[in-house]
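Okay, structure first, notes after.
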Amino acid sequence: MQDQPDALVIGAGPAGLMAAEELALAGRRVVICEAKPSPARKFLMAGKSGLNLTKDEPAATFAAHYTPPDWLAQMLVEFGPETVKDFARGLGQEVFTGSSGRVFPVVMKGSPLLRAWLARLAGHGVTLRTRWRWTGFSGSGLSFETPEGARVLTPRVTVLAAGGASWARLGSDGGWTPWLSARGVGIAPWQPANMGLSLSWSPHMARHFGQPVKGVRLSAGGLESRGEFVISGRGLEGGGIYPLSRPLREGAALLLDLLPGLSEAEIAARLARMRPGESLANRLRKLGLSPVQAALAMEFGRPEPLARLRRLVIRHDGPRPLDEAISVAGGIRREALTPDLELRPLPGIFACGEMLDWEAPTGGYLLTGCFATGRWAGRAAARIG
């Protein structure tokens, strides 16, 4: 029979590991249960394209990127961009700040940081049990499927860090939702965040699949973005779309300004200098549009593409499926938690990370939010007698 832990953390992503470290530093005997064969799979996946840890931004404006903006504000003051950078350096990972303000490890991947972090946790006496899948509650205990069969743990204190409901293959499937709902915990419905859009393209767009679209201004629901995005066979993906996720999933139109550096008068003057009878494709090229930008103008601007270059309405079919989203909105409602992130209906059980109903854009905000809430919940849980 496995020894019962003093403190249990469910989920070995960044929020769970942070909570476990705080509990261990407070002298608690900590066990982390992770459903997958190895920890932090989504964290490592994020690191494959360069691990964006945080955003080098003043604390006064950093929290404003979160929805709701006030809920995590104090947590982010205590573990914000500067603290995240110090945390990485403490694990032997020097960081740098890119031109956009995004902060990355010099090695540009997550595995060295994770290895150092796991070694440090082991040094604090933290036990990691992989292939331990949480399956709900059993009386006052928490039940698990394990390689040795079913187990029930009855820790003195628990921190839930089981992730949201996207990227199920990496461990975040939201399967815990009905178990907490049955115990009276309010759960907001899951919705995709930082997601792509579905589109049904005409055949002539196929040659542009995989092409990036740069140098345009995107807007939806009063928000603007200047990042690039990619045309795929399924729709639109990429950093230019993600900051607009909230209004787009609520039904706002996606608008493109294909010539953000030119005024209406400048566009009119350039058109007036063109020879009569020139083809539409040639006119678009002379205005400075790339081939993929011109294709978008002709796809969505008919019958007068030239009149719609500053306000091109992209007709889309809504967000890509939830499981494809980089992150999610929804989860445990704020009112279901104390200020310490303890579940009101379940004293002694705390929650953190993407299980909570907060939302943030990519660019380092997601990871910082997970670090900050994990630390907050871990510290609060450590105070339980």
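Among the GluC sites (Glu not before Pro) in segment 40-145, which ones are in a DSSP loop with at most 14 other Cβ atoms within 10 Å of the Cβ? Mind listing them?
Answer in residue order: 94.
Where in the chain are the helices, taken as whole DSSP H runs, whose Cα atoms extend 15 angstrom or more along the long axis and whose Kyte-Doolittle mean reaches at least 0.0?
Qualifying helices: 14-25, 111-123, 365-382.
Could you give the size of the charge dipole of segment 197-314 about its Cα centre, using +1 on the Cβ of each K and R and -1 on the Cβ of each D and E, expressed in debye and rounded to the nearest 20?
280 debye
Whose amide H sits under 5 Å from the amide H of residue 253, counting only residues 5 or more places off or on another chain, with H placed in the peptide plane?
221
Work from the charge dipole of the chain (Cβ charges, +1 for Lys and Arg, -1 for Asp and Glu, about the Cα centre) and give the residue of 117, 363, 153 farthest towards its positive end.
Projecting each Cα onto the dipole axis, the largest value belongs to 363.
Give the separation of the Cα centroids, segment 274-302 to segment 149-179, in Å.
For segment 274-302 versus segment 149-179, the Cα centre distance is 52 Å.
Give the calculated FRET efficiency between residue 324 and residue 201 to the nearest 0.05, with a Förster radius of 22 Å applied to their Cβ-Cβ distance.
0.80
For segment 197-314, take every pair of Cα atoms, bin their distances at 10 Å starting from 0, and report each bin as a whole percent.
In whole percents, the pair-distance histogram is 13, 46, 32, 8, 0.
Just to be sure I understand the model, the point goes 7 Å from the Cα along the line to the Cβ. What's the resulting residue 4 to residue 317 distance in nm?
Each label point lies 7 Å from its Cα, and together they span 5.3 nm.
If packing is taken as the average count of other Cβ atoms within 10 Å, what order do 127-139, 13-25, 155-167 fall into, highest mean first?
13-25, 155-167, 127-139
At 7 Å along the Cα-to-beta-carbon direction for both residue 302 and residue 82, put a label point, then send me their distance in nm to one decimal.
My value for the distance between the label points is 5.7 nm.
Tell me, in nm to one decimal, what length is gained between residue 282 and residue 168 on full extension, where the rule is 0.36 nm per residue of separation less the Cα-Cα distance?
Details: separation 114, 0.36 × 114 = 41.04 nm, distance 4.64 nm.
Computed gain between residue 282 and residue 168 is 36.4 nm.
Under the 0.36 nm per residue contour assumption, what length would be gained going from the current alpha-carbon distance of residue 89 and residue 107 to full extension?
Net length gain for the segment: 5.3 nm.
Using the Cα centre as the reference, give the magnitude of the dipole from point charges on the C-beta atoms of segment 32-168 (Lys, Arg: +1; Asp, Glu: -1; all else neutral), rounded to the nearest 20 debye.
The dipole magnitude comes to about 580 debye.
Pulled fully out, how much extra length does the chain show between residue 181 and residue 269, if you take 0.36 nm times their separation in residues and subtract their Cα-Cα distance?
Working it through step by step, the gained length comes to 25.5 nm.
Given a Förster distance of 51 Å, report the FRET efficiency between residue 70 and residue 150 from their Cβ-Cβ distance, rounded to the nearest 0.05.
My answer for the efficiency is 0.75.
None of the figures in this text is laboratory data; all of them are computed from the coordinates on show. Owing to the predicted nature of the structure, the values given are computational and were not obtained by experimental measurement. Cβ atoms come from the backbone with ideal geometry, glycine included; neighbour counts cover every protein chain shown.
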